[in-house]
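See structure below.
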Amino acid sequence: MSERQYWVSFSLVKGIGPVRVRQLLDTFGSLKEAWHASERAIREAGIDRRTLESLTATRREIDPAAELARLDKLGIAVLTWDDEEYPSLLAQLRPIDQAPPLIYLRGSLAQTDEWAIAVVGTRSATAYGRQVAYRVSGELALNGLTIVSGLALGIDAEAHLAALENRQRTIAVLPCGLDTIYPPEHRNLVARIIQQGAVISPFPLGTKPLRTNFNARNRVLSGLARAVAVVEASDKSGALITAGYALDQGRPVFAVPGNITARSSAGTNRLIQDGAHPVLSAQDILEGLALDHLPQHINAVNALPPMSAVEQAILESLSAEPQHIDELSSHCSLPVATVSSSLVILELKGLVRQVGHMIYVRA
């Protein structure tokens, strides 16, 4: 509890993002120690003058324990890099500094959210765009995919509604603090999403939906998903920025084709021309991601027993560096047969991946 309040406190400091948090953790070992460190020690950790001034001012103005208590009172949870519940797809982006150190959360996340797809598009959606967004999102949701979007008017709203009305999960990512609903017209939609999924933000309370916040929101949005599907977008739509982030993050991009004379489809048609996967139905996305049998897979995973001590030991021995099963056996002091059977279970749970004959990495 004491460490968590310092993660919250540092999120209030202007200029502190993934790179700076990593610097502070590398130097001080914890954000609690960093919060109480001298200005000289923080400078020596590589923090620039402007950020240090912001940190000094914030330390004078806030009480970390009170900030955490305020969140608890409002029913807002926080997840940090240190938390097992931090979204696994987002955590994969830490090496490229696109995973926010802390996310604010209303509602709940689920293990099945690791099978998520972002559905985005223009706010000025046509009847065609709304119809396609609702149909495709609903079919994806019924096939076990969590629908992620940005709560905006137009395509985003249709994507969320399709999941909700099919009684499936959806996640909304906001460009502001969770004490602000943006757009305000979606107050009722937010209440429904909290009951059937989550509303999250990388921004602390009090943050307004400024234009400069949307890029950070879009990075988180694409980072939470296995792929991004753009339903309808003009050449200048923010949805294209989300698609660009997805490509930076190694996530595939899908796009719905539209009338070549319609400005509202100029962006999606251009994405397809540039190599995005064309979408004529939800099945195109499911097959493109090899998720056409996802419901059966989820049921199989949910039927598996909780992680055993042996599985936990094997998982902790794995990393992004490939390891042969014999190495794991030696490192864990376990018979090869035991390691082999445990790896099968861990692979079914989506926690490890085989990258060669008897060679594994942590997923």
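FYI, it's all coordinate maths here, none of it is from the lab. This one's a predicted model, so the numbers in the text were calculated from it and none came from an experiment. All Cβ positions, even for glycine, are placed from backbone atoms using ideal geometry, and neighbour counts span all protein chains on display.
Numbers at a glance
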{"item": "Estimated translational D of region 1-67 in µm²/s (Stokes, Kirkwood radius over Cα pairs; 37 °C; 0.692 mPa s)", "result": "282 µm²/s"}
{"item": "Region 304-362: equivalent-ellipsoid semi-axes (sqrt of 5 x gyration tensor eigenvalues, Cα, Å)", "result": "15, 13, 10"}
{"item": "Highest-first arrangement of 229-238, 54-63, where packing means the average Cβ count within 10 Å", "result": "229-238, 54-63"}
{"item": "Relative contact order [Cα under 8 Å, 6+ residues apart], the chain, whole percent", "result": "12 percent"}
{"item": "Mean Cβ count within 10 Å, highest first, over the residues of peptides 5-12, 219-226, 93-100", "result": "219-226, 5-12, 93-100"}
{"item": "For region 1-158: relative contact order, % (alpha-carbon pairs under 8 angstrom, 6 or more apart)", "result": "21 percent"}
{"item": "Overall Cα dimensions of region 22-178, principal axis frame, Å, largest first", "result": "59, 34, 31"}
{"item": "Values of log10 I(q)/I(0), in the order q = 0.13, 0.19, 0.20 Å⁻¹, for region 111-292 under a Debye, Cα-only, solvent-free model", "result": "-0.56, -1.26, -1.40"}
{"item": "Mean Cβ neighbour count within 10 Å, used as a protection proxy, ranking 66-75, 30-39 highest first", "result": "30-39, 66-75"}
{"item": "For the chain, calculated [θ]222 nm from helices alone, where every DSSP H run of n ≥ 4 adds -39500 (n - 2.57)", "result": "-13500 deg cm²/dmol"}
{"item": "Range of Cα positions in the chain per principal axis (Å), largest first", "result": "60, 57, 37"}
{"item": "For region 111-292, share of DSSP beta bridges that run antiparallel, in % to the nearest 5", "result": "0 percent"}
